[in-house]
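The next block holds one structure in the form of structure tokens; read it before the comments.
The values are calculated or read from the model by the stated rules, or taken from the named source; none is laboratory data. Model, not experiment: these values are computed from the prediction. FYI the Cβ positions are ideal-geometry reconstructions off the backbone, even for glycines, and counts take in every protein chain you see. Note: accessible area is taken over every heavy atom of the protein model, side chains too, but ligands, DNA and RNA are not part of it. Shrake-Rupley method; radii C 1.70, N 1.55, O 1.52, S 1.80 Å.
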Amino acid sequence: YQGTPSLLSLLKLLNPAWRSSTMSDLGRLVTELQVKGVRGKAIPGNRGRRGGAGPSDHRALHLDGTTVMVPVHNNASAESPYSLESTRDGLAIAGMQQAKATTVCTSDEPAFYGLSTADGIPYRSIALLHSRDVLATTLLQTCIRFRDRASSCQFCAIEQSLDDGGTLARKSPEQVAEVAEAAVRLDGVQQLVMTTGTPNSSDRGARLMMETAIAVKRRVNLPIQAQCEPPEDPIWFARMKQAGISSLGMHLEVVEPEVRKRILPGKSELTLERYYDSFSEAVAIFGRGEVSTYLLAGLGDSREALLNCSRHLIELGVYPFVVPFVPIAGTPLEHHPTPSTNFMVDIYQGVAELLKQGNLHSQNMSAGCAKCGACSALSLFERTD
């Protein structure tokens, strides 16, 4: 990393009251940066990624020892009041009224990015580094709904990186296993997150998840999270678990019926009740706290709806990973406004309290986005408790 741990980072560990206050301040800072983005595309290091599945157009920043993903490539960041600039002492975030983080640094490109398979496919076309130690791959870079924007998820950019030639339409289990072994050996990767576009099959991608996990585990003992829509037959939960997958993500994104129909016109055909049933079946296999879901705040769901949904999920043993919606360039929602910092902080505080009451903790998860936590400030509010 470009930078060194600060003295304040050490003092926070010694003084719980100071640590709680500082973590709360850092949580608000991270929230502000994640909803407004940062200008600074010329800064060297790992450039992050554009397009693809899940939160994108981001790059990793390290703020006072905490790694967060911050938008740098989209419309929101282009208009951000904040910029990442080189200084005599390293890096700084310009635009802040006062210094709120003692250190700001970026990570270098991982070593495995410089490698290719025997047939010439760059490793970075198969999997990418997220945060500081998470390997992520989209096994199928296509989705049955994507090409019809009347039915596709309106925020999704899963096939953009495919169109740009930056990835493969389908990653084979052997390819992912080869890259995973190199990423662990060369860059100290600690977990693997596998997601997928939804195929036209009843398993919703679970079969490929299972086959890939088996191949990875043959080469390296790496905790794995799989992410897919609920398969029609719940037997796939047990099969994925037996293959070596530690945790599962099934993503709701939005929860109110009218918001689901507007944002997820095709995916919303799977009702909330169907998701809740699948969550219960998955928790029975993977265990309480090893199943999670994304909730995208800022797309129309009210505070009450998000908190009520989170409460029910926690009762089921599911971790509600709340993330601020940040539009991705080239999607139907690319000009949609991001939520306010105050709205997100209010949601984070409410969900953190519910997690405390339900005794669910992101750091207890074996693998996955909530375990990593870099795309959200929720874990920082969780830690203030």
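Within the range 79-96, the set of residues being touching a residue at least 24 places away in the same chain (Cβ under 8 Å), among the polar types (S, T, N, Q) and not in a loop (DSSP other than H, G, I, E, B) comprises 83, 86. Here residue 306 meets each of (1) at pLDDT below 95; (2) part of a helix (DSSP H, G or I); (3) of a type in the set (A, V, I, L, M, F, W, C) with one exception, condition (1). Count, please, the residues in the range 235-265 that happen to be surrounded by fewer than 17 Cβ atoms within 10 Å (Cβ to Cβ) and not charged (D, E, K, R). Total satisfying the criteria: 4. Of all residues in the range 309-332, those being touching a residue at least 40 places away in the same chain (Cβ under 8 Å) and within 17 Å of residue 279 (Cβ to Cβ) number 10. Picking from residues in the range 266-309 that are closer than 20 Å to residue 242 by Cβ and among the acidic types (Asp, Glu), the one that is surrounded by the fewest Cβ atoms within 10 Å (Cβ to Cβ) is 281. Based on what the data block shows, is residue 68 within 20 Å of the chain's Cα centre (by Cα), at pLDDT 70 or above and of a type in the set (A, V, I, L, M, F, W, C)? Yes; evaluated as a whole, the condition is true for this residue.
For the range 141-171, enumerate the residues that are open to solvent by 30 Å² or more (accessible area, probe 1.4 Å) and closer than 23 Å to residue 218 by Cβ. Correct list: 168, 170.
Scanning the range 248-271 for residues that are within 26 Å of residue 334 (Cα to Cα) and not in a loop (DSSP other than H, G, I, E, B) yields 249, 253, 257, 258, 259, 260, 261, 262, 263, 267, 268, 269. Whether any residue in the range 204-225 is touching a residue at least 24 places away in the same chain (Cβ under 8 Å), more than 30 Å from residue 111 (Cα to Cα), open to solvent by less than 10 Å² (accessible area, probe 1.4 Å) and touching a Leu at 6+ places or on another chain (Cβ under 8 Å) is what I want to check. Among the residues of the range 204-225, not one is touching a residue at least 24 places away in the same chain (Cβ under 8 Å), more than 30 Å from residue 111 (Cα to Cα), open to solvent by less than 10 Å² (accessible area, probe 1.4 Å) and touching a Leu at 6+ places or on another chain (Cβ under 8 Å), which makes the answer no. Note on the range 111-140: residues that are open to solvent by 20 Å² or more (accessible area, probe 1.4 Å) and over 14 Å from the mean Cα position of the chain (by Cα) total 12.
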